[in-house]
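Right, one structure below, let's go through it.
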Amino acid sequence: MPPPAVGLPDELRRRLGVPDAVMIGLGSMIGAGIFASLAPAARAAGSGLLLGLALAAVVAYCNATSSARLAALYPASGGTYVYGRERLGPFWGYMAGWAFVVGKTASCAAMALTVGSYVWPGHAHAIAVAAVVALTAVNYAGLQKSVLLTRGIMAVVLAVLAAVATASLTSDGVDTARLGIGADATVAGVLQAAGLLFFAFAGYARIATLGEEARDPARTIPRAIPIALGITLVVYALVAVSVLLVLGPGGLASATAPLTDAARAAGADWLVPVVRVGAAVAALGSLLSLILGVSRTTLAMARDHHLPHAMAAVHPRFKVPHRAELLVGAVVAVAAATTDVRGAIGFSSFGVLAYYAIANASAWTLTPAEGRPARIIPVTGVAGCLVLAFALPPSSVLTGAAVLLIGAATYGIRRVSTHHQQGC
């Protein structure tokens with residue numbers, strides 16, 4: 001199919017080059033995920049944690065490559081919601097949008113709980129709910145996170161991660177034997193850890209959604225995504241290795257705030273409040289961006305009548321989708337009050353992996369003239385997404401599958417109702 005028409009008056013301004021797109025990708029990926037996902041992944045994989053990280057990176061690379069090729073062909077906002085619709089049909093576009101909304105709503109809850117775990121561990125749920133309420137109010141007033149703020153947050157996060165890694169690697173508590181892979185590392189555990197760690201890589205989709213704002217998107221996006229992903233993998237691997245060296249798989253698995261525990265184990269108690277502040281800043285930044293993104297996708301789906309059309313309302317003064325933002329805020333607040341970080345990450349990963357399975361399936365349909373990637377990439381991407389999704393904790397799989405089935409049933413009921421009305 002041909003790409004959408006360009007040159008429309010309501011098009012976004014094309015101003016982003018490769019360095020800008022890489023920076024936005026890094027800002028989306030290197031955030032609170034690494035603060036939150038290491039401990040539940042270590043509980044799943046034990047000494048096989050680094051294998052899980054490598055596997056998550058391979059699946060993320062396939063997803064990123066497929067998304068990049070599709071974004072270059074369809075340089076419009078919407079991501080796989082657009083790609084699935086154009087390449088596979090309206091149902092798959094809808095399912096991608098549905099999976100994105102439910103998965104990223106769970107991501108919001110995970111980020112809010114990360115704020116609580118680092119700021120006030122004994123009252124994590126209360127702090128999480130307060131953070132959601134505060135940031136929903138900020139978004140409602142139309143105060144969007146700027147690129148400058150993104151860069152500031154990323155600078156803080158990178159500085160904190162570098163400090164933890166340096167303190168850990170140079171401490172007397174380092175034991176290289178802790179990196180060894182023992183009998184506790186099972187295939188199922190490594191796969192589950194990869195699914196949970198995938199949560200920390202998911203931000204590269206932000207680059208793919210910049211199609212309308214990138215100069216020469218056919219060149220910029222396919223270059224920016226693998227660069228950002230590669231830098232992120234190096235940072236995550238360094239942090240994971242340094243934390244394992246001082247805590248070991250068991251210590252990491254039992255940690256509620258793993259990077260502060262690593263700082264203590266390394267004898268750098270002075271670093272603990274710095275890590276807490278850094279984690280809170282990262283999680284708040286991610287939460288603000290996520291609430292913004294989920295509410296906008298909800299708006300788009302409501303406009304297409306895939307969600308209640310009342311959610312498509314835009315506030316006359318603040319010019320934001322206020323009903324969608326309030327709904328998202330309310331759902332996230334309830335989730336943050338009733339779930340734990342591992343459950344939120346697992347459910348989020350299930351939804352996001354389903355989203356990328358559709359992206360890879362869409363990339364498979366590309367022709368060589370449309371920039372189709374090597375066949376092995378979308379095949380590995382689809383298989384990897386499905387395997388990791390169903391290797392997640394059983395509660396995440398059951399809940400995630402049930403929510404996707406509800407979405408599919410809602411689509412079917414709406415189609416039957418529309419067909420019946422047209423027939424009448």
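The values are calculated or read from the model by the stated rules, or taken from the named source; none is laboratory data. Please read these numbers as outputs of a predicted model, since none were measured by experiment. FYI the Cβ positions are ideal-geometry reconstructions off the backbone, even for glycines, and counts take in every protein chain you see. Note: areas computed on protein heavy atoms with side chains; ligands, DNA, RNA excluded. Shrake-Rupley method; radii C 1.70, N 1.55, O 1.52, S 1.80 Å.
Just a few scattered comments:
- Per the Debye calculation on the chain with a single equal scatterer at every Cα and no solvent contribution, log₁₀ I(q)/I(0) for q = 0.14 Å⁻¹ amounts to -1.30.
- If the chain linking H419 and T176 were pulled fully straight, counting 0.36 nm for each residue of separation and taking away their Cα-Cα distance, it would gain 81.0 nm.
- Taking the inverse of the mean 1/r over every pair of distinct Cα atoms in the stretch 243-396 gives a Kirkwood hydrodynamic radius of 19.2 Å.
- Maximal additional length on extending the T367-A337 stretch stands at 6.1 nm, based on 0.36 nm per residue less the C-alpha distance.
- The stretch 39-152: C-alpha gyration tensor shape, a/c 1.5 cut-off, then a/b vs b/c: oblate
- FRET E, pair D184, A237, Förster distance 22 Å, beta-carbon r, rounded to 0.05: 0.60
- Long-range amide H partners of L16 with built H, under 5 Å: A214, R215
- Ranking V272, S289, A383 by how far each Cα lies toward the positive end of the dipole of the stretch 243-388 (charges on Cβ) leaves S289 at the top.
- The largest accessible area among W120, W98 belongs to the first residue in W120, W98, and the rest follow in falling order (1.4 Å probe, all chains).
- Area of I153 that stays accessible when all protein chains are in place (1.4 Å probe, Å², to 10): 30
- In terms of its C-alpha gyration tensor, the stretch 171-210 comes out oblate, because a/c is 1.5 or above while a/b does not outweigh b/c.
- √(5λ) per eigenvalue of the Cα gyration tensor, the stretch 222-264, largest first, Å: 27, 9, 8
- Axis of helix 217-253 versus longest Cα principal axis of the chain: the two differ by about 30°, to the nearest ten degrees.
- Computed with a 1.4 Å probe on the full set of protein chains, the accessible area for M111 sits at about 10 Å².
- Rounded to 10°, Cα long-axis angle of helix 341-364 versus longest principal axis of the chain: 50
- Highest-MSF residue in the chain out of S66, S362, S254 [GNM, Cα springs under 10 Å]: S254
- With Cα atoms, 0 to 90° folded angle of helix 90-119 axis to the chain main axis: 30
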